[in-house]
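The values are calculated or read from the model by the stated rules, or taken from the named source; none is laboratory data. For clarity, every value in this text was computed on a predicted model and none was experimentally measured. All Cβ positions, even for glycine, are placed from backbone atoms using ideal geometry, and neighbour counts span all protein chains on display. Accessible surface areas use protein heavy atoms only, side chains included; no ligands, DNA or RNA. Shrake-Rupley method; radii C 1.70, N 1.55, O 1.52, S 1.80 Å.
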Amino acid sequence: MRRALTALSGCDGVVVAVPPKDTIKEIAGDIVKQTLKRETLVAVQTPQVFLYQPLLDAYERAMKESFYATDDSAVVEWNGGRIRVILGGYMNIKVTTPEDLAVAEAFLKMRGEGR
């Protein structure tokens with residue numbers, strides 16, 4: 001979190017991210033439209049940090065215009081905000097499915113925290 005706060009200077013927000021390990025494809029239905037270049041992609045994690053006013057302004061506009069996004073940075077970005085990316089870690093996972101929980105438990109055991 002401290003690295004994200006330090007990186008906030010000169011931008012509206014900071015996201016922690018890692019390069020994807022998988023090949024990512026854009027699809028339309030079940031047909032591949034294109035293969036995206038991994039070197040231009042990141043998988044965004046938490047924490048995300050923002051200056052208060054740009055975040056508030058972005059959400060107020062999003063509410064008025066019924067804009068939906070999957071994370072705070074997308075709302076600030078949509079509103080014209082500048083988002084910096086800093087390197088995260090592959091053990092910083094999002095726990096959404098039962099499989100994710102098993103991975104998180106394994107990571108905690110590796111670190112000696114899952115006892």
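Heavy-atom accessible surface of K21, to the nearest 10 Å², is about 140 Å², with a 1.4 Å probe and all protein chains retained.
Can you classify the stretch 1-62 as rounded, prolate or oblate using the Cα gyration tensor, where a ≥ b ≥ c are the square roots of its eigenvalues, rounded means a/c under 1.5, and otherwise it's prolate if a/b beats b/c and oblate if not? Taking the square roots of the gyration eigenvalues as a ≥ b ≥ c, the stretch 1-62 is oblate. Counting only DSSP beta bridges with both residues in the chain, tell me the antiparallel percent, nearest 5. Of all bridge pairs located within the chain, approximately 65 percent are antiparallel.
With Cα atoms as the point set, the radius of gyration and Dmax of the chain evaluate to 16.7, 47 Å. You can think of it this way: the chain between L36 and K109 has 22.8 nm of extra reach, that is 0.36 nm per residue less the Cα-Cα gap. Pairs of lysine residues in the chain that meet both criteria, 8 or more places apart or on different chains and Cα atoms under 19 Å apart, total 5. Centroid-to-centroid, using Cα positions, the stretch 80-115 and the stretch 1-76 are 17 Å apart. Ligands, DNA and RNA left out, the accessible area of the stretch 50-115 computed with a 1.4 Å probe is 56% carbon and sulfur. Dipole magnitude for the stretch 1-52: about 180 debye, using +1 per Lys or Arg Cβ and -1 per Asp or Glu Cβ, origin at the Cα centre. Solvent-accessible surface of the chain, taken per residue with a 1.4 Å probe and all protein chains present: 73 Å². Each Lys and Arg contributes +1 and each Asp and Glu -1, all at the Cβ; summed about the Cα centre of the chain, the dipole is approximately 440 debye.
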